[in-house]
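Comments concern the structure below.
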Amino acid sequence: QRDFERRFNIPHITDIFPDADPIPSTFCLKMRTPVMEDFAGGYPSDEEWHGYINKNDRVLLKVIHYSSPTSAGAECIDPNCTWVEQWVHRAGPREKIYFKPEEVKAAIVTCGGLCPGLNDVIRQIVITLEIYGVKKIVGIPFGYRGFSDEGLSEMPLSRKVVQNVHLSGGSLLGVSRGGPSVSDIVDSMEERGINMLFVLGGNGTHAGANAIHNECRGRRMRVAVVGVPKTIDNDILMMDKTFGFDTAVEEAQRAINSAYIEAHSAYHGIGIVKLMGRDSGFIAMHASLASGQIDICLIPEVPFHLHGPLGVLRHLKFLIETKGSAVLCVAEGAGQNFLGRTNATDASGNTVLGDFGVHIQQETKKYFKEIGVHADVKYIDPTYMIRACRANASDGILCTVLGQNAVHGAFAGYSGITVGICNTHYVYFPIPEVISYPRAVDPNSRMWHRCLTSTGQPDFV
Ligand code: ATP
Ligand code: MG
């Protein structure tokens, strides 16, 4: 059997209901002016529908062949196999669907932290559901909590409600961490008659979505649970990028530029910008690359010394002596080994990180005082401003496609899947495959080397 069949089999409704009969899709692909019948509840009867995605269409996961294990990035391939073909299911509308639109009650829930583009995805899911002919669409307020907390009632959604929501950041539905158990969530779904659930969130939310999918299967419920990965950090495995990341990198430029101007205008100015990235430094790396104004970029994946002859502080002194100013960009998860371990966790059980940005600011001030060199240190933390931004054009398009594909996936009868972009093609992944661990910057990758070339920083070990 091909690796494709073995690794990327995505759960389908027929796995538990082998006799489930599909019906012709109510989603018409042919672009045309709407006619009166479209609004009268009847399905368009054009015989020439075409352009649907076949269930066997697939996308190659890795399009590069490393000729040697010493090539940058090559260690991520299986050392026992020089060429692994891995395939992923192509996303998009199918000719046959497994839900009758008039029997669908769809719900959307957003969990975790904020990320630019949440509203764009909500909007597009609602619009696409309506195009399929779904009448009952609701939003679950404040994440999974909305399934259990008394006083939080579901929000009816329609094209009219969501028409302009993408013009502002945040989430129309609200977000939260923590909340009810999976079985309580599924009880609530049964009670409300929800048979399509769209879950927008990160690793934690997707672990929840997969558990909800399994619980629904255990109870033999005819339900589709489809995730849309929301991670501003771009830390989901196998995906080219996740929505919100582009916007975050773009918005980070403003903070970096401010830090640069502050540092440049002060005598011996040092600007420090803290960016998102708990486990993965993609935002810090890309923002450094894009801005061209960063001298030192510190990310969680690459260890470094602060003190000593090879440390960051010594390099800062060198920069002050030679350039007169310096700008640092640090990911929030960097340098955790320098901070006292806290056992604190948030409502979802995630470890609360120490604040390395504040730490390096204090250490820098202390260091320059000790060596008797004047330094004017300015610290900028734009993280919450970035999270709350509205999506930029590129993320807006990504959100639109992901939102549409989430609905296509649910109608095609898939459940326990998430949507993504892989080698520029849109695909469906089985949830467990993409959340087994966070995607991280490979310190041997070409991209990290490019970042080092751009900043000119040495190895700090
Ligand atoms: P972010 O990237 O913003 O952290 P996230 O989805 O990882 O997003 P979390 O706060 O970790 O955010 O989780 C969101 C929701 O998922 C919470 O309501 C939490 O209770 C639930 N959740 C987290 N992990 C699991 C799990 N393993 N099983 C079931 N539910 C989970
Ligand atoms: Mg998380």
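The values are calculated or read from the model by the stated rules, or taken from the named source; none is laboratory data. As the structure is a prediction and not an experimental result, all values here were calculated from the model. Cβ: placed from backbone, ideal geometry, glycine included. Neighbour counts: every protein chain shown. Accessible surface areas use protein heavy atoms only, side chains included; no ligands, DNA or RNA. Shrake-Rupley method; radii C 1.70, N 1.55, O 1.52, S 1.80 Å.
Just a few scattered comments:
- The residue that is farthest from the chain's Cα centre (by Cα), counting only those in the range 161-174 that are open to solvent by 40 Å² or more (accessible area, probe 1.4 Å) and not hydroxyl-bearing (Ser, Thr, Tyr), is Val161.
- Positions within the range 301-330 being without any contact (Cβ under 8 Å) to a residue 24 or more places away in the chain and surrounded by 20 or more Cβ atoms within 10 Å (Cβ to Cβ), in sequence order: none
- Residue count for the range 177-208, restricted to those that are near ligand 1 (Cβ under 8 Å from one of its atoms), within 25 Å of His408 (Cβ to Cβ) and modelled with pLDDT of 95 or more: 5.
- Tabulated pairs, the range 101-113, first closer than 30 Å to Ala388 by Cα and β-branched (Val, Ile, Thr), second part of a loop (DSSP other than H, G, I, E, B) and open to solvent by less than 10 Å² (accessible area, probe 1.4 Å), C-beta under 6 angstrom, 6+ apart or interchain: Thr110/Leu173
- Members of the range 176-202 found to be surrounded by fewer than 24 Cβ atoms within 10 Å (Cβ to Cβ) and within 15 Å of ligand 2 (Cβ to nearest atom), listed by number: Ser176, Arg177, Gly178, Gly179
- Residues being within 21 Å of Phe282 (Cβ to Cβ), surrounded by 22 or more Cβ atoms within 10 Å (Cβ to Cβ) and within 16 Å of ligand 2 (Cβ to nearest atom) are represented in the range 204-217 by at least one member.
- Verdict on Ser171 being within 13 Å of ligand 1 (Cβ to nearest atom), out of contact with any Leu (no Cβ under 7 Å at 6 or more places or on another chain), in contact (Cβ under 8 Å) with a residue 12 or more places away in the chain and small (Gly, Ala, Ser): no
- In this entry, Asp355 is excluded by the filter for residues that are within 16 Å of ligand 2 (Cβ to nearest atom), open to solvent by 30 Å² or more (accessible area, probe 1.4 Å), within 25 Å of the chain's Cα centre (by Cα) and of a type in the set (Asp, Glu).
- Top-ranked residue in the range 358-374 [being touching a strand residue (DSSP E or B) at 6+ places or on another chain (Cβ under 9 Å) and open to solvent by less than 30 Å² (accessible area, probe 1.4 Å); ranked as nearest to ligand 2 (Cβ to nearest atom)]: Ile360
- Given (1) buried (at least 16 other Cβ atoms within 10 Å of the Cβ); (2) over 21 Å from Glu215 (Cβ atoms); (3) not aromatic (Phe, Trp, Tyr), number of the condition Ser158 does not satisfy: (1)
- All positions within the range 375-407 that are open to solvent by 40 Å² or more (accessible area, probe 1.4 Å) and in contact with a Cys (Cβ under 7 Å, 6 or more places away or on another chain): Arg387
- Any hit, the range 326-336, residues being of a type in the set (A, V, I, L, M), under 23 Å from the mean Cα position of the chain (by Cα) and more than 16 Å from ligand 2 (Cβ to nearest atom): yes
- Any hit, the range 347-362, residues being assigned to a loop (DSSP other than H, G, I, E, B), at pLDDT 95 or above and away from ligand 1 (no atom under 16 Å from the Cβ): no
- Looking across the range 275-294, the residues that are under 15 Å from Ile380 (Cβ atoms), assigned to a helix (DSSP H, G or I) and open to solvent by less than 10 Å² (accessible area, probe 1.4 Å) come down to Ile283, Ala284, Ala287, Ser288.
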